[in-house]
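Written below as C-alpha cells is the structure these notes are about.
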Amino acid sequence: QVQLVESGGGLVQPGGSVRLSCAASGNIAGINTMAWFRQAPGKPREWVASITRSHTTAYFDSVKGRFTISRDNTWNTMYLQMNSLKPEDTAVYYCRATLTPYVYWGQGTQVTVSS
C-alpha cells in the first residue's frame, strides 16, 4: 500500500508559476514509476508527466518546456514545477504511483490559472 497526498495548488495568473508536491508514504521502496495527471471540468483525466526509478522523465507535448517533474532519491516526495502557466492548464492535478501491478492515486489539488 502507498498513500499519496498532493499539495501546492491554488490560483495563479497566466504566465505565472507554481510548484506541486506529492508526499508518498507506505511501501514507497516498491515504487517503479510516479506520474502527474490532470483533469479539467468536463474532460477526461490526462497524463501530464512521469518519472522512473532511474529519474528518466517524459512529458505530454503541451507541457514540454514549461513543466518539470522531479523526485527525491527515496520516493518520499515528487514535484511538478509549472512555469508559463496558461488558462488551459486549469485542472485538478493528481499524482499516481505504480507498484506493478498496482496503481495508487492521490486525492488531487486544484490549480486555477486566471487573471
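Quick notes on this one:
- Residues LEU11 and VAL103, FRET efficiency given R0 of 30 Å [Cβ-Cβ distance, rounded to 0.05]: 0.50
- Counted charge near TRP36, where neighbours are those whose Cβ lies closer than 14 Å (Asp, Glu -1; Lys, Arg +1): +4
- Computed accessible area, SER62, all protein chains, 1.4 angstrom probe, square angstrom: 50
- The 1.4 Å probe gives accessible areas that order TRP75, TRP105, largest first, as TRP105, TRP75.
- THR90 long-range amide H proximity, modeled H, under 5 Å: VAL113
- With the simple spin-label model, which puts each label point 7 Å out from Cα in the Cβ direction, the LYS64 to ALA23 separation comes to 3.5 nm.
- Ranked by the mean number of other Cβ atoms within 10 Å of their residues, highest first, the peptides 83-90, 45-52 fall in the order 45-52, 83-90.
- Point-charge dipole on Cβ atoms (K/R +1, D/E -1) for region 22-115, about Cα centre, debye to 20: 60
- Placing dummy labels 7 Å off each Cα toward the beta-carbon, the span from SER115 to SER54 is 4.5 nm.
- Spacing of the two label points (7 Å from each Cα toward its C-beta) at THR74 and GLN39, in nm: 3.2
The values are calculated or read from the model by the stated rules, or taken from the named source; none is laboratory data. None of these values were measured; they are calculated from a predicted model. Don't worry about glycine lacking a Cβ; one is built from the backbone with ideal geometry, like all the others, and counts go over all protein chains shown. Please note that ligands, DNA and RNA were not included when accessible areas were found on the heavy atoms of the full protein model with its side chains. Shrake-Rupley method; radii C 1.70, N 1.55, O 1.52, S 1.80 Å.
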